[in-house]
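So the structure is just underneath, and the comments pick up after that.
Computed from the coordinates by the stated procedures, all read-outs in this text should not be read as laboratory data. All values derive from a computational prediction rather than experimental measurement. Don't worry about glycine lacking a Cβ; one is built from the backbone with ideal geometry, like all the others, and counts go over all protein chains shown.
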Amino acid sequence: MTQSLGTVVAVTGAHVRVRLDDTATDAGAAAIQAMVRIRSRYALVYALVRELQVVSDPAQPGGEARMAELDLMGECPAQADGSPGPFRHGVARFPALGDPVEPADGDDLAMVYLPSADSRITVGTLDREGRLPACLLSDDLLSNHFAVLGTTGSGKSCSVTVLLRAMLADHPQGHVVLLDPHDEYGQAFGDQAVRLRPDRMSLPYWLLNFAEMVGLFCSPEPELRATERDLLKRAVLAAKHAYAGEEGRPPITVDTPVPFRLSTVIETLDRAMGELDKPSDSLPYRRVKARIETLRNDRRFAFMFGGVAVQDTMAEVLAQLLRIPVDGKPITVVDLSAVPMDIVDAIVSLLARLIFDFAVWSRPEDRVPVLLVCEEAHRYIPADTSGGFGPTRDALARIAKEGRKYGIGLGLVTQRPSELSESILAQCGTLFALRMTNEHDQHFVRRALPEGADALFNALPALSTGEAVVVGAGTTAPMRLRFHELPAAARPQSGTVSFAGAWAAASGSREQVEQAIARWRRHGRTADRPADDPARVNLRRR
């Protein structure tokens, strides 16, 4: 016989109030976040317990009544023979007063949380015992974008790794580009990944569009940039025309991705600087020239400005970046930790724009679906539009708004959700919210969650590492899951130094100091970690 929990005494929108039977609380059948079912006349309605309380009620024995607040999840509409049909999210016919409430059993959980679609992937478990798998709808997850949000130490990097490994296990011919600003995913995917570092990749400067060039070659001050921008535009356009030649030349604009020589740009600036009727003094010309020559001569930028010969390598760059063909390595991990901070935004902008433009200009029947995963997303698409690199924000915003039409999925990962652009986060159809203790972040995420997810939202501060609340298109119903544990060899290098362990034993030597100084000087870096240290320890915040 089915146990009764109580009866419905109030219905308000997506929330239901239930008077509990004494046996329900005594047996522990009603608990926070437990799933229950309501047998209404028209459907079997499912809900989550959001709140339990004892209220004063003189009509009850002892003068008290035990109450539960429920958040409605979805329903199984009654079929012609009276049996419940398949589960669907949302409720069309609300429960009525007096409808009985019962605890959900294993069959109910399977009906709600286990999608029947062929494109589902398993990423964890719904219960601590590991009996019921947590499944996601991969097509809906990727085509509607997703975001992984959580505070430092909540398990974001491992969660992202579990998600991607599950996707690629079921779809080995996938195409994933992961922007890794702290070199933590280098070992996470083993032989399935190609790791691109500055010393192993080529992103020639001529692939930059004009807005990105302005960000690199012109002064940051608006009053100086306006003049320098016009000078640079004329010089770059002249250099592109000179390289392409006059015969059979297609129409070329300053944004057309065709090769040109920086030496021609400098020569054009020199000639213009010597003209008597030039529109300004020579200082703007000198500033642009100095910036170009500084970047070109800095060995840290060799992946962009190195090489004597200028060749059209655009096809090779795109094939390597997008893994076309896959050749058993469906994911490209772009290690940005070794990219100087004053150019990393331009690189992210360039990569995002190349992915989008390639999809736009491919024939519909030839399009290759690509997933772009952006770690530390708040750096590139901040809520404060006056901060960050404008072209980067524009490129990622365009993917968020239009990418699904061209087969581009976007994954945003951040430990600072309140600093992320809310309009771009709103484009993410699935949210993975891990542990979150900051009140400002909680408030921000709460606004992004759908109606009826309050019961799960209230658990955010209490989630353990690797647990997440998942809502949106990628799941049949809002759920709390625990991601699978990763083997040691597949875990991202996102841990922090153990002070207690390091200080408990004698450590450090003069030789170590000298080696660190040698690497420091060899790379000419002052802030980032050395790119060639095989035993480096990640000190960053996750």
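One quarter of the convex hull surface built on the alpha carbon atoms of segment 6-113 amounts to 6.8 nm², the projected area averaged over directions. Toward the positive end of the charge dipole of the chain, about the Cα centre and with charges on Cβ (Lys, Arg +1; Asp, Glu -1), which of 479, 313, 423 goes farthest? Of the listed residues, the answer is 313.
Projecting label points 7 angstrom from Cα along Cα→Cβ for residue 275 and residue 200 puts them 4.7 nm apart. Charges on Cβ only, +1 for Lys and Arg, -1 for Asp and Glu, centred on the Cα centroid of segment 6-113; of 14, 36, 54, which one is farthest towards the dipole's positive end? Going by the Cα projections, it comes out as 14. Once backbone amide H atoms are built at 1.01 Å from N, residue 373 has 177, 178, 179, 411 as its partners under 5 Å, excluding neighbours fewer than 5 places away on the same chain.
Note on segment 81-174: dipole from Cβ charges, positive end direction compared against 132, 85, 100; the farthest Cα belongs to 132. Its alpha carbons considered, segment 113-184 gives a radius of gyration followed by a Dmax of 13.3, 38 Å.
For residue 31 and residue 258, FRET efficiency with R0 = 51 Å and r from the beta-carbon atoms, rounded to 0.05? After rounding, the FRET efficiency stands at 0.20. Only the Cβ atoms of Lys and Arg (+1) and of Asp and Glu (-1) were treated as charged; on that basis the dipole of segment 373-445 about its Cα centre amounts to roughly 320 debye.
Taken over segment 207-305, the convex hull of the Cα atoms encloses 103 Å³ per residue. The Cα trace of segment 393-470 gives Rg and Dmax of 13.3, 39 Å, the first to one decimal, the second as a whole number.
Projection of the Cα convex hull of the chain, averaged over all directions and equal to a quarter of that hull's surface, yields 33.8 nm². Hydrodynamic radius of segment 144-198 by the Kirkwood approach over all distinct alpha-carbon pairs: 12.5 Å. Rounded to the nearest 20, the size of the Cβ-charge dipole of segment 344-472 about its Cα centre is 300 debye, with Lys and Arg at +1 and Asp and Glu at -1.
Rounded to the nearest 5, the antiparallel percentage of DSSP beta bridges internal to the chain is 65%. Extending each Cα 7 Å along its Cβ direction at residue 489 and residue 341, get the distance between those two points in nm, one decimal. According to this spin-label approximation, the distance is 3.7 nm.
Starting from the Cα of residue 366, move 7 Å in the Cα-to-Cβ direction to define the label point; list residues of segment 322-337 whose amide nitrogen is under 15 Å from there. Answer for this model: 324-325. Label-to-label distance for residue 503 and residue 114 is 5.1 nm, based on points extended 7 Å past Cα in the beta-carbon direction. Measuring between alpha carbons in the structure, the pairs from 156/401; 233/329; 289/329; 156/405; 329/405; 289/405 lying more than 31 angstrom apart are 233/329; 289/329; 289/405.
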